[in-house]
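Reviewing the structure listed below.
Here, each number is a calculation from the coordinates, and none is a lab measurement. Keep in mind the model is a prediction, meaning the values are calculated, not measured. Positions of Cβ are backbone-derived with ideal geometry, glycine not excepted, and every protein chain shown enters the neighbour counts.
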Amino acid sequence: FWEPQVRVVTPGSGTAAPSDAVVLFDGKDASKWESAKDGSAPKWELKDGAMTVVRGAGDVRTKDKFGDFQLHIEWRAPEKVESQGQGRGNSGIFLQDRYELQVLDSYQSRTYSNGQAGSIYKQTPPLVNAMRKPGEWQVYDIVYTAPRFKEDGSVFSPARVTVLHNGVLVQNNFEIKGPTEYIGLPKYKVHDEAPIRLQDHGNPVSYRNIWIRKL
Ligand code: MG
């Protein structure tokens, strides 16, 4: 068949945003972000084409809210290694403000497997460890399907996520069990579209080239 016709998207060169993406951060302009504490302008450091966690400044989140999406995001753990395990280049990308895809310097550094880079934190480890060295840029390409809820508040279909880390598949359509918990079993609560949130875990992790396509 010929109809409907397929929409044309001009791909970006390399890792640049394709024509139908919303650029969330281009390395200079953080105006699409706000402090998750109080909605004020983010207090992270904006320098050298990246935004970097400032310890104590708190998480930052997008002003816009999202449902299903494709997200491209690049991150960098500090070149200077100061700690081990969860204390080394820890941050995180909270999909819809509640489901954490772990950001961590897992290059030749062990921690619990379901807490290393590319894990859905405390739920499932990545399929492999595709880390580059600390100080080098890492890429996550994420395909996310939001959960659907029934009218009575129960889950119709859980959230699902596929993640490529530096082009290597680390999550393959994983069924998210519920909001990220540090301890205890996750349990879904009804929600609508929600922001992307980046974690301040006290380590100066940097982000750049963030773009999203609503699906
Ligand atoms: Mg984290």
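So here's what we get for this one:
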{"item": "Some residue of region 182-196 being of a type in the set (A, V, I, L, M, F, W, C), closer than 17 Å to residue 119 by Cβ, surrounded by fewer than 18 Cβ atoms within 10 Å (Cβ to Cβ) and within 16 Å of the ligand (Cβ to nearest atom)", "result": "yes"}
{"item": "Every residue from region 115-160 that is in contact with a helix residue (DSSP H, G or I) (Cβ under 7 Å, 6 or more places away or on another chain) and in contact (Cβ under 8 Å) with a residue 40 or more places away in the chain", "result": "121, 122, 123, 124"}
{"item": "For residue 3: the one exception among (1) more than 16 Å from the ligand (Cβ to nearest atom); (2) touching a residue at least 40 places away in the same chain (Cβ under 8 Å)", "result": "(2)"}
{"item": "Residues (β-branched (Val, Ile, Thr) and farther than 13 Å from residue 106 by Cα) located in region 119-167", "result": "120, 124, 139, 142, 143, 145, 155, 161, 162, 163"}
